[in-house]
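The values are calculated or read from the model by the stated rules, or taken from the named source; none is laboratory data. Just so it is clear, the model here is predicted, and its values are computed rather than measured. In this analysis, Cβ positions are derived from the backbone assuming ideal geometry, glycine residues included, and neighbour counts consider all displayed protein chains.
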2 protein chains.
Amino acid sequence: MTVHAPRRPRPEGPPAGGDTRGALPTVDGAREAMGTRGDAPAEGPYPGSGEDRVPRHGEDVAVGRVTLQTVADHVGVSRMTVSNAFSRPDQLSSELREKILAAADELGYVGPDPAGRALARGATGAIGVLLTKSVRHAFTDPIAAEFFGAVAESLAPTGMAVALLPSGLSTERIPARDIPIDGALIYACAGDSEALSWLRKRRLPLVYVDQAPEGEASSVLLDDRGGARAAARHLVELGHRKVGLIAIDWYGPHGLIADPTVRGTNYVANERVAGWLEGLGGVEVVAVQAQSNAERDAYEGAQLLLDTEDPPTAVLCFSDLMAWGVVHAAHDLGLRVPEDLSVVGFDDSALARSVRPALTTVHQDLVAKGHLAAQLLVSEIARVRAGEPVEARHELLPLQLVVRRSTGPAPA
Amino acid sequence: MTVHAPRRPRPEGPPAGGDTRGALPTVDGAREAMGTRGDAPAEGPYPGSGEDRVPRHGEDVAVGRVTLQTVADHVGVSRMTVSNAFSRPDQLSSELREKILAAADELGYVGPDPAGRALARGATGAIGVLLTKSVRHAFTDPIAAEFFGAVAESLAPTGMAVALLPSGLSTERIPARDIPIDGALIYACAGDSEALSWLRKRRLPLVYVDQAPEGEASSVLLDDRGGARAAARHLVELGHRKVGLIAIDWYGPHGLIADPTVRGTNYVANERVAGWLEGLGGVEVVAVQAQSNAERDAYEGAQLLLDTEDPPTAVLCFSDLMAWGVVHAAHDLGLRVPEDLSVVGFDDSALARSVRPALTTVHQDLVAKGHLAAQLLVSEIARVRAGEPVEARHELLPLQLVVRRSTGPAPA
DNA sequence: GCCGCCTACTGTATCGGTACAGAATTCTTG
DNA sequence: CAAGAATTCTGTACCGATACAGTAGGCGGC
């Protein structure tokens, strides 16, 4: 039998608090290393004597490497008992537990190592959040940020952490594949994302948000379609008979869209457009695809709609930001809002409230969405662990039309 | 010897993709067993012939439980070789590697299990970010959000994930103690946070941000003091001889502060105040502590400063938001900005640029801060792993005074 | 033809814990 | 007072991987 030196010396930081115990790394065929001697409790199968002594698990060969075994040896109990002292207090007398905890503290044992525990328990205590757009987007975009804030907040009491998984650029390390997590939230990612497919392969509990789920996963969706429909009906009720649509992620190049019923790849965009069309019924429609969800692009798109012989009397926009761009374009064309042109936004962001005229828009409860998504995932993870059958749940959150000052009766 | 039933049945989702291979992994001289023997829970129809058979490591007992060993057995190579195929391609012929990868794919083996790998390698690939204020704050506050965005962005190419560690409310699970991470960023946390002390006990590489480091940890700080000093000098140069200060986290209750030199607990607030005082030299100072960093609270604080016999001719504010509140208060008191009152903000947020008058403020490069913090931590982690000595580094990022329209010469 | 050096794999010993069945005692209880 | 039930702790067998030493051929050099 060959004996190997202990690997991974674990380059230590400052030595454990004032603890200058033996050190002597005594590798290989070592005569005893400080802690456990041949007389350690229950050393039964070990003749203890001399040669060929492999440093056994708990032996504190490298200074500072304190594990359950270290503590166990120190107190004179089994490793299992120490584990119980930390993780299942009801399994031992509180007296012994105190003693163990004290010894642990003295030795500088922090508590069960998360990595070891994760392996043994099969759970890590973290859930992933998959982000396809730039990670930064999650923080920068107010809509996304609000959602994530709610998720994190709702997770905090459960003691779970949120791991942001960038859909890596590096080939070497792919967070979605390599980070230990118990489940994940898929947030508005293109379905073909490679990272997503890793998560699916891992067979982790997944909850899709703002995106149609694949496979048997659960989902939390906002009723974008219903909200859009309500917005459209609102215009119809106001008497508008020709309505413009301005959105993103349709198909083809940006500019005027021949057939607005053709669907693109963006789930949310598709739903909103579909809802608009449903709500508008037979009303005449002109549609424009903007280059991006930005005020400037919406401004340009609006020009295509409004700077014509027979412009629409109202415009439905993909976002408040875009609506704001449309309002600007209208003003610059000499149109008053809402007297000459009604404009409807989407999202009910802070902007919608603060600008003049305040925007009629569709409000979404991002906090509820975040809470719901988090809860769904957590309960699903719990269910899987308990061995209970999981069934995918699909939640649809209602949106609300908020009528403010940017819409009015169709001009005569 | 007793036989234990396999624990943790790993409640399976849908069975592995159509693969119903007979399992017979025939490990060392054992007859094969497809399940375990009669002591398993919910045992029933187990034709298990022979005697006591302990399911050995690689045996594919539970359908869907595919590990390195499963693949190894399937291909007929050692487990180690499979591991190398995934993690160290240079260790085997590319021919064999292809074969292994194909088999793995067929068996539905996703790749090395992150938890197992984390334990064996001693690294998880995630870094933590400690948040003391509400987790939500990280997303809601634009300053924090911008910083985190930069951190995440800068980490993405390295393939590391960011784990948000709420400073838990639950006693049971404490993320800072229980989540597997390789290092952490401490972002503007009160020093007494319990979560922080766990991180320190774990002896993880830490980088403090916007907070004086404890122990031997590195830090990234903005030169708040220098920035504040520049802002104060600017006022002095404009001839102001009595200046108001409005900030938060001083000491005692909010309202007028008798001695502005007394320091509070908020590192950033302390530095800014100190910088102001340095820059103001002997100029007369009146100080107010606002209840929070909000426009409304600043508004009320400003009234205390301005609605007096002999008001200051300029006010230095802890943030742009507060400056905006001060501007409002001034207007409502009939004071013009900057003719009658100069106002200086801090942060150079979007607000400072968009309001009228545009605010003179102190610009900070949050993106640089994020990148730097991330890089510092990553390199420190790499150094520790490589066994190289780590030395704490302390970076101080300069701030820049941006003079806009809210400041002017002191009124005669 | 013997030796040393590569290359490609394999064996063994961990990494640091947890689950579960036992075993040793003590406490009930009929 | 003995059998049964609690209460405490211990032993064994993993969780799923990686590090490192070691070994078996193949091959060029002298």
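Residues checked against (1) under 19 Å from A:Trp198 (Cβ atoms); (2) near DNA strand C (Cβ under 8 Å from one of its atoms); (3) not in a helix (DSSP H, G or I); (4) not hydroxyl-bearing (Ser, Thr, Tyr):
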| residue | (1), (2), (3), (4) |
| --- | --- |
| B:Ala72 | no, yes, no, yes |
| B:Thr81 | no, yes, no, no |
| B:Asp90 | no, yes, no, yes |
| B:Leu96 | no, yes, no, yes |
| B:Ile100 | yes, no, no, yes |
| B:Ala104 | yes, no, no, yes |
| B:Tyr109 | yes, no, yes, no |
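All conditions in (1) more than 22 Å from A:His137 (Cβ to Cβ); (2) surrounded by 22 or more Cβ atoms within 10 Å (Cβ to Cβ); (3) more than 7 Å from every other protein chain (Cβ to nearest Cβ) hold for B:Ala138, with the sole exception of (1).
The number of residues in region B:173-232 that are closer than 30 Å to B:Val402 by Cα and of a type in the set (D, E, K, R) comes to 5. Go through the residues of region A:112-122 one by one and say whether even a single one is within 14 Å of B:Arg177 (Cβ to Cβ) and of a type in the set (D, E, K, R). There is at least one residue in region A:112-122 that is within 14 Å of B:Arg177 (Cβ to Cβ) and of a type in the set (D, E, K, R). Annotation: B:Asp259 fulfils all but one of (1) free of Cβ contacts under 8 Å to residues at least 24 places away in the same chain; (2) in contact with a strand residue (DSSP E or B) (Cβ under 8 Å, 6 or more places away or on another chain); the unmet one is (2). Take the conditions farther than 20 Å from B:Leu280 by Cα and within 14 Å of chain A (Cβ to nearest Cβ) and apply them to B:Ser354. Does it pass? Considered against the rule, which asks whether it is farther than 20 Å from B:Leu280 by Cα and within 14 Å of chain A (Cβ to nearest Cβ), B:Ser354 comes out as yes. Can you pull out every residue in region B:72-101 that is more than 7 Å from DNA strand D (Cβ to nearest atom), closer than 17 Å to B:Pro114 by Cα and not polar (S, T, N, Q)? Those that are more than 7 Å from DNA strand D (Cβ to nearest atom), closer than 17 Å to B:Pro114 by Cα and not polar (S, T, N, Q): B:Val82, B:Ala85. Quick check, is A:Leu131 more than 7 Å from chain B (Cβ to nearest Cβ) and away from DNA strand C (no atom under 16 Å from the Cβ)? Yes, satisfied.
Each row is one residue, and each column tells you yes or no for (1) outside any strand (DSSP E or B); (2) among the aliphatic types (A, V, I, L, M); (3) away from chain B (no Cβ under 11 Å).
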| site | (1), (2), (3) |
| --- | --- |
| A:Thr124 | yes, no, no |
| A:Ala145 | yes, yes, no |
| A:Val162 | no, yes, no |
| A:Leu165 | no, yes, no |
| A:Ser197 | yes, no, no |
| A:Leu204 | yes, yes, no |
| A:Gln211 | yes, no, yes |
| A:Arg225 | yes, no, yes |
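Do the conditions hold for B:Phe86, that is, is it more than 16 Å from DNA strand C (Cβ to nearest atom), of a type in the set (Phe, Trp, Tyr) and either touching a strand residue (DSSP E or B) at 6+ places or on another chain (Cβ under 6 Å) or within 12 Å of chain A (Cβ to nearest Cβ) (or both)? Against the criterion (more than 16 Å from DNA strand C (Cβ to nearest atom), of a type in the set (Phe, Trp, Tyr) and either touching a strand residue (DSSP E or B) at 6+ places or on another chain (Cβ under 6 Å) or within 12 Å of chain A (Cβ to nearest Cβ) (or both)), B:Phe86 does not qualify.
Checking each residue of region A:92-114 against the condition of being more than 9 Å from chain B (Cβ to nearest Cβ), polar (S, T, N, Q) and either surrounded by fewer than 20 Cβ atoms within 10 Å (Cβ to Cβ) or under 22 Å from B:Ser87 (Cβ atoms) (or both) gives at least one match. The criterion of at least 1 residues that are among the polar types (S, T, N, Q) and buried (at least 24 other Cβ atoms within 10 Å of the Cβ) is met, among strands (runs of 3 or more DSSP E) falling completely within region A:301-412, by A:342-344, A:361-363. Considering the conditions (1) within 11 Å of DNA strand D (Cβ to nearest atom); (2) part of a helix (DSSP H, G or I); (3) more than 7 Å from every other protein chain (Cβ to nearest Cβ), A:Val151 is excluded by exactly one of them, (1).
For the criterion of being small (Gly, Ala, Ser) and facing chain B (nearest Cβ under 7 Å), A:Ala184 fails.
Remark: A:Gly244 falls outside the filter, which requires a residue to be surrounded by fewer than 15 Cβ atoms within 10 Å (Cβ to Cβ), over 34 Å from the mean Cα position of the chain (by Cα) and farther than 22 Å from A:Ala212 by Cα. All of (1) modelled with pLDDT under 95; (2) surrounded by 17 or more Cβ atoms within 10 Å (Cβ to Cβ); (3) facing chain A (nearest Cβ under 9 Å) hold for B:Ala118 with one exception: (1). With respect to the stated conditions, A:Val220 fails to be touching an Asp or Glu at 6+ places or on another chain (Cβ under 8 Å), away from DNA strand C (no atom under 16 Å from the Cβ), aliphatic (A, V, I, L, M) and at the interface with chain B (Cβ under 7 Å from one of its Cβ atoms). You will find that of A:Val344, A:Val337, A:Val362, A:Val367, the residue that is touching a Ser or Thr at 6+ places or on another chain (Cβ under 6 Å), within 25 Å of A:Leu396 (Cα to Cα) and in contact (Cβ under 8 Å) with a residue 60 or more places away in the chain is A:Val344 and no other. Apart from one condition, A:Thr67 fits all of (1) surrounded by fewer than 20 Cβ atoms within 10 Å (Cβ to Cβ); (2) more than 13 Å from DNA strand C (Cβ to nearest atom); (3) among the β-branched types (Val, Ile, Thr); the exception is (2).
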